[in-house]
1. Scan A144, A126, A108, A132 and give me the residue that is of a type in the set (A, V, I, L, M, F, W, C) and closer than 16 Å to Q169 by Cβ.
2. Those residues that are surrounded by fewer than 17 Cβ atoms within 10 Å (Cβ to Cβ) and either touching a Cys at 6+ places or on another chain (Cβ under 9 Å) or part of a helix (DSSP H, G or I) (or both), I need them from region 171-182; list them, please.
3. Working only within region 130-155, note down all residues that are free of Cβ contacts under 8 Å to residues at least 24 places away in the same chain and either closer than 30 Å to A67 by Cβ or touching a Leu at 6+ places or on another chain (Cβ under 7 Å) (or both).
4. Of these, S50, S5, which one is surrounded by fewer than 17 Cβ atoms within 10 Å (Cβ to Cβ) and modelled with pLDDT under 90?
5. Say we look at region 207-228 and pick out the residues that are of a type in the set (S, T, Y) and assigned to a helix (DSSP H, G or I); which of these is nearest to S79 (Cα to Cα)?
6. For region 138-170, what are the residues that are under 18 Å from F110 (Cα atoms), in a helix (DSSP H, G or I) and among the β-branched types (V, I, T)?
7. Tally time: how many residues in region 85-129 are assigned to a loop (DSSP other than H, G, I, E, B), surrounded by 15 or more Cβ atoms within 10 Å (Cβ to Cβ) and touching a residue at least 40 places away in the same chain (Cβ under 8 Å)?
8. I need a count of the residues in region 199-221 that are open to solvent by 60 Å² or more (accessible area, probe 1.4 Å) and under 20 Å from the mean Cα position of the chain (by Cα).
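The values are calculated or read from the model by the stated rules, or taken from the named source; none is laboratory data. For clarity, every value in this text was computed on a predicted model and none was experimentally measured. So basically every Cβ, Gly included, is an ideal-geometry build from the backbone, and we count neighbours across all protein chains shown. When the accessible area is computed, the model is the full protein with side chains, heavy atoms only, and any ligands, DNA or RNA have been set aside. Shrake-Rupley method; radii C 1.70, N 1.55, O 1.52, S 1.80 Å.
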Amino acid sequence: MPKLSILAALKHMMQLISNHWRLAARFSMPWLALLAVLDAWQFLNNPNDSLKPEDFQLNVAAFVLIAVNLVATSSISVSWHRLILIDEPQTSVKPFRIDQIVLSYLRANFSIIMITVVPLIAIIMASKYFPATLLPVWLAVTIAIVLLSARLALSLPATAIGRKDFGLQAALAATKKNNFQILGLLIATGFIIFGLLVVMQILISVMHSISPNLNLPASLILGIPFQFAVILLSAALQTSLYGYFGEGRKF
């Protein structure tokens, strides 16, 4: 069973993004522009809400935004995985790609969400009712679910390139005895995303100090490169782990 090197995997992810982000921007930006428009629609439907996640209310606009976001990230991820893993010609990738491969990816992605994200949300929502003595248990269960989600997600690149013999069980079997390594890679990626978020919030605060009316435009405009970076980091993580564990590629 191969043992993952966190630093080697992280370096490989950064190299993938550095080498291919321009090509990725071509099939990502139409979706991200649409999501920015829907973000504005969501805000205008709830003018008293901020753009902070904790103030995000579920309504028609919110449900549409969540659905389109899931389709968009799946479409972008499929194009990314196929670009990296099988060198798919970019001339064949049309804007707003929704083909049979994307639909298969969506189904696989939704299955993982139902297995991991839904229970995780339920645990997080219930955590405020837990006594303090149970918080370590809650934290351990949360980490276990996040780790399970990352391991199951290795099947997604396989789905994107049309491989039918590498499903959820195969993903779990391939990543056995690498829990700490994968968790370390997730933490490192999370720190990068957090750093990008801090930078974005600082820029939004600067624009707000110039004029409060710039808060929404700044949030929407800066949100595009931020979301692009988050999607690429997530897709590159999946691609790297799948290539290493699913195809035996070396970093």
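1. It is A108.
2. Of the residues in region 171-182, the ones surrounded by fewer than 17 Cβ atoms within 10 Å (Cβ to Cβ) are 172-173, 176-177, 179-180.
Passing the criteria: L172, A173, N179, F180.
3. Step one: of region 130-155, the residues free of Cβ contacts under 8 Å to residues at least 24 places away in the same chain are 130-142, 144.
Listed by number, the residues that qualify are W138, V141, T142, A144.
4. On the way: S5 fails: modelled with pLDDT under 90.
When all the criteria are applied, what remains is S50.
5. To start, the set of residues in region 207-228 that are of a type in the set (S, T, Y) comprises 209, 211, 219.
Now restrict to residues that are assigned to a helix (DSSP H, G or I): 209, 219.
Details: S209: 39, S219: 27 Å.
The residue in question is S219.
6. I145, V146, T159
7. Filtering region 85-129 for residues assigned to a loop (DSSP other than H, G, I, E, B) gives 87-89, 93-99.
Checking which are surrounded by 15 or more Cβ atoms within 10 Å (Cβ to Cβ) leaves us with 88, 93, 97.
Still in the running and touching a residue at least 40 places away in the same chain (Cβ under 8 Å): 93, 97.
Number of matching residues: 2.
8. Qualifying residue count for the region: 3.
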